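Colleague: Sending over a structure as structure tokens; questions will come in a sec.
The values are calculated or read from the model by the stated rules, or taken from the named source; none is laboratory data. Just so it is clear, the structure is predicted and the values come from calculations on it, not from any experiment. Note that each Cβ is placed from the backbone with ideal geometry, even for glycine, and that neighbours are counted across all protein chains shown. The area values use the complete protein model at the heavy-atom level, side chains included, leaving out ligands, DNA and RNA. Shrake-Rupley method; radii C 1.70, N 1.55, O 1.52, S 1.80 Å.
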Amino acid sequence: MENQYDIIVIGSGPGGYTGAIRAAQLGYKVAIVEKYNSLGGTCTNVGCIPAKALLDSTEHFHKAKEDFQIHGIELNNGLSLNFEQFIKRKEGVVKSNTSGLSYLMKKNKIDVHTGLGSFVDKNRIKVTNEGKETVLTGKYFIIATGSKPSSIPGVTIDKTRIITSTEALTLPAQPKSMVIIGGGVIGVEMASVFARIGTEVTIIEYTDTLIPTMDRELGKALLKTLSKLGINSLLSSKVKSATNAGDHATIKFEDAQGKEQEIDAEYCLVAVGRRAYTDGLDLQAVGIDTEKNGKVKVNERLQTNVDHIFAIGDVIAGPMLAHKAEDEGVFVAEIINGQKPHINYKLIPSVVYTWPEVASVGATEEELQAKGIEFKSGSFPYSASGRARAAMDTDGFVKVLVSPKYGEVLGVHIIGPRAADVIAQSVVGMEYEVTAEDMYRISYAHPTYSEALKDAYLIAAGQGAINI
Ligand code: FAD
Ligand code: NAD
């Protein structure tokens, strides 16, 4: 019957669309409810995809400026950035992804209802779009409403001078200067985008390292690379306020010595984390429990306290990553189907798309030390890699952490060219509990960036490096 579904998914981000597709593949009648006209959520519209598009464009620009001459490539007509085209290309990339998703919805016979979804009761949801209401009935619901940027006391995001990553991805012209509050993932990715095209960028970070949740050595190495790009990173510094002063923003902060400082910039980008987004869902109407930080509470089956209502992705606990949300979308569809899927939360890789890229999986050195777990460490620098030398991409290293007793791989931390892809091999190895010896005895194509892994494993096993 019309508007009666087996499964209703609320939110069309990576969690929602994968959950909906998997459910449809399993034979369910599925609807997806999305507030915006464009499918794909944060990741496709204002996150992963557009950010990577701008990162790739600016990396080309930077290479053309800094490296082409050394390669013997001469730009006789000079080099300049057409900012309008730079933003337009990114929009084209987003459009091709969102159109791809609309096609997938049709192909899988998933009904898309555009509008804000709010629970009416345990089996009904109201979809409101421009004053028009449609009520849908479902046997199961999957909440996949994602997250929104958060801020800190003294800093009000006004989307004009004091902005988030969303506005930073669509600025009308190249900014002369930008202060970024927060040296986490968004902070360092956006800093790279703008510094590469000549914007004067300052990062103000509260802790004493960039990307503080990752292995400390990665943060240290990233600080060096970003400073080569001209990015000024002020660590151990606490932002007190940011104000819109008309044609610029003024940021007040306490520096590492405890002194009050003030800095002006054309834009202040706030990147201090994101919060679970449940506004307008009317969770109270169904009595769904949330954590103190607003995340929807779920059990190990990703079920809320209302049995037939599940929640996935950024709106629940765990890393706010697109692939984590995707895995959970598939997981819930299969749970509803009575299957026994599994997600290994310890082995979800994290990637930062600076250049070189940063990628991590498993435990950091600091976590192992804190837990008193014995480990051996093997590091191999990209400056010793033939592939990296050929590409002039010699910054960074691969570090593997291995248990001395059984050779179990405990953690892999990479900063280097294509680290995002190189990490995949270690994820497979760790999931299937291979040893460090297995990892260095398998064949690695030469010359590749992933060979650096082989050497790191050899070093951790007490042997010397063998490849270049
Ligand atoms: P979302 O993608 O946030 O989607 C939620 C959807 O629900 C939205 O479309 C929203 O409009 C809709 N919605 C909300 N409430 C309602 C309602 N009541 N009714 C109807 N619809 C509703 N992660 C990575 O893994 N790799 C990256 O490279 C990466 N880069 C990023 C770059 C940036 C700048 C940002 C901001 C994030 C990035 N992320 C990245 C994080 C990633 O975007 C998120 O982890 C991911 O999008 C979470 O997916 P989700 O499905 O849980 O929610
Ligand atoms: P984050 O948690 O990665 O970083 C926030 C940073 O802000 C931290 O380093 C924190 O110490 C700092 N901070 C907090 N309060 C501060 C203050 N008062 N002054 C100065 N610094 C302060 O959050 P984010 O960078 O906003 O990213 C949000 C989420 O989006 C992350 O969870 C991330 O997983 C996801 N994301 C992922 C990718 C990727 O996978 N490549 C890219 C972008 C975003």
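Colleague: Starting from the 7 Å offset along Cα-to-Cβ, what nm value, one decimal, do you get for the label separation of Val306 and Thr243?
Modeller: 4.5 nm
Colleague: Continuing with this model, one more query. What does the highest-first list of 28-38, 410-420, 282-292 look like by mean Cβ count within 10 Å?
Modeller: Values: 28-38: 20.8, 410-420: 25.4, 282-292: 14.4.
Packing order, densest peptide first, comes out as 410-420, 28-38, 282-292.
Colleague: In the structure shown, do any of Lys346/Lys399; Lys90/Lys454; Lys29/Lys107; Lys126/Lys340; Lys65/Lys90; Lys65/Lys228 have a Cα-Cα gap over 25 Å, and if so which?
Modeller: Values: Lys346/Lys399 18 Å; Lys90/Lys454 36 Å; Lys29/Lys107 13 Å; Lys126/Lys340 32 Å; Lys65/Lys90 21 Å; Lys65/Lys228 14 Å.
Correct reply: Lys90/Lys454; Lys126/Lys340.
Colleague: Still on this model: Where Lys and Arg each count +1 and Asp and Glu each count -1, what net charge lies around Thr42 among other residues with Cβ under 10 Å from its Cβ? Write out the running numbers ahead of the final one.
Modeller: Details: positive: Lys148, Arg274; negative: Asp314.
Taking every other residue near Thr42 into account, the sum is +1.
Colleague: Which chymotrypsin sites (Phe, Trp or Tyr not before Pro) in the range 50-147 sit in a loop by DSSP (not H, G, I, E or B) and have at most 12 other Cβ atoms within 10 Å of their own Cβ?
Modeller: none
Colleague: Moving to a separate point now. Quick one: compute the contact order of the range 198-301, relative version, from alpha carbon pairs under 8 angstrom and 6+ residues apart, as a percent. Could you put the intermediate results ahead of the total?
Modeller: Working: 130 pairs, mean separation 17.9, N = 104.
Once normalised by length, the contact order is 17 percent.
Colleague: Measuring with a 1.4 Å probe in the full set of protein chains, what accessible area per residue, in whole Å², belongs to the range 375-415? Each step should come with its number before you reach the end.
Modeller: On the way: 1520 Å² over 41 residues.
Heavy-atom accessible area per residue stands at 37 Å².
Colleague: Further, regarding this structure: Are there DSSP H segments in the chain that both extend 15 Å or more along their axis (alpha-carbon positions) and score a mean Kyte-Doolittle hydropathy of at least -1.0? List them, or say none.
Modeller: Working: long enough: 14-25 (16 Å, -0.24); 48-66 (26 Å, -0.47); 83-107 (36 Å, -0.61); 185-196 (17 Å, 1.35); 216-228 (19 Å, -0.35); 322-336 (21 Å, 0.27); 419-431 (18 Å, 0.98).
The answer, listed by residue number, is 14-25, 48-66, 83-107, 185-196, 216-228, 322-336, 419-431.
Colleague: Output wanted: per-residue J couplings in Hz (rounded whole) for the range 246-258, from phi through Karplus 6.51 cos²θ - 1.76 cosθ + 1.60, θ = phi - 60°, x for Gly and Pro.
Modeller: For the range 246-258, the Karplus-derived couplings read x, 8, 7, 10, 10, 10, 10, 8, 9, 7, 4, 8, x Hz, x marking Gly and Pro.
Colleague: Starting from 0.36 nm per residue, how many nanometres of slack lie between Thr128 and Glu84 once their C-alpha separation is accounted for? Don't skip to the answer; put the middle values down first.
Modeller: On the way: separation 44, 0.36 × 44 = 15.84 nm, distance 3.48 nm.
Gain in length upon complete extension: 12.4 nm.
Colleague: So what are the ³J(HN,Hα) numbers for the range 359-372, from phi and the Karplus equation (6.51, -1.76, 1.60; θ = phi - 60°), rounded to whole Hz, Gly and Pro as x?
Modeller: 8, 9, 8, x, 7, 8, 4, 5, 5, 5, 4, 4, 8, x
Colleague: How high is the relative contact order of the chain, in percent, with contacts defined as C-alpha pairs under 8 Å that are six or more residues apart?
Modeller: Details: 1015 pairs, mean separation 67.1, N = 468.
With pairs under 8 Å counted, the relative contact order is 14 percent.
Colleague: Another question about this same structure. Run lengths n ≥ 4 of DSSP H only: what is the helix-derived mean residue ellipticity at 222 nm for the chain, with -39500 (n - 2.57) per run over all residues, to the nearest 500?
Modeller: Values: 14 runs with 152 residues, N = 468.
My calculation for the chain gives -10000 deg cm²/dmol from helical runs alone.
Colleague: What are the residues whose amide H is under 5 Å from the amide H of Ile142, where those residues sit 5 or more places off or on another chain and H is modelled from the backbone?
Modeller: The answer is Ile8, Val9, Ile10, Phe310.
Colleague: Quick test of your reading: applying the under-4.7 Å Cβ rule, which cysteines of the chain are isolated?
Modeller: Cys268
Colleague: Give a quick list of GluC sites (Glu not before Pro) in the range 369-468 that DSSP marks as loop, anything other than H, G, I, E or B, with at most 11 other Cβ atoms within 10 Å. Mind dumping the intermediate values first?
Modeller: Numbers: sites: Glu374, Glu408, Glu431, Glu433, Glu437, Glu451; in loops: Glu374, Glu433.
The qualifying sites are Glu374, Glu433.
Colleague: Ok, one more. Apply 1/(1 + (r/R0)^6) to the Cβ-Cβ distance of Glu291 and Ile70, taking R0 = 56 Å, and write down the FRET efficiency to the nearest 0.05. Show your work: numbers first, answer last.
Modeller: Working: r = 52 Å, r/R0 = 0.93.
E(calc), rounded to 0.05, equals 0.60.
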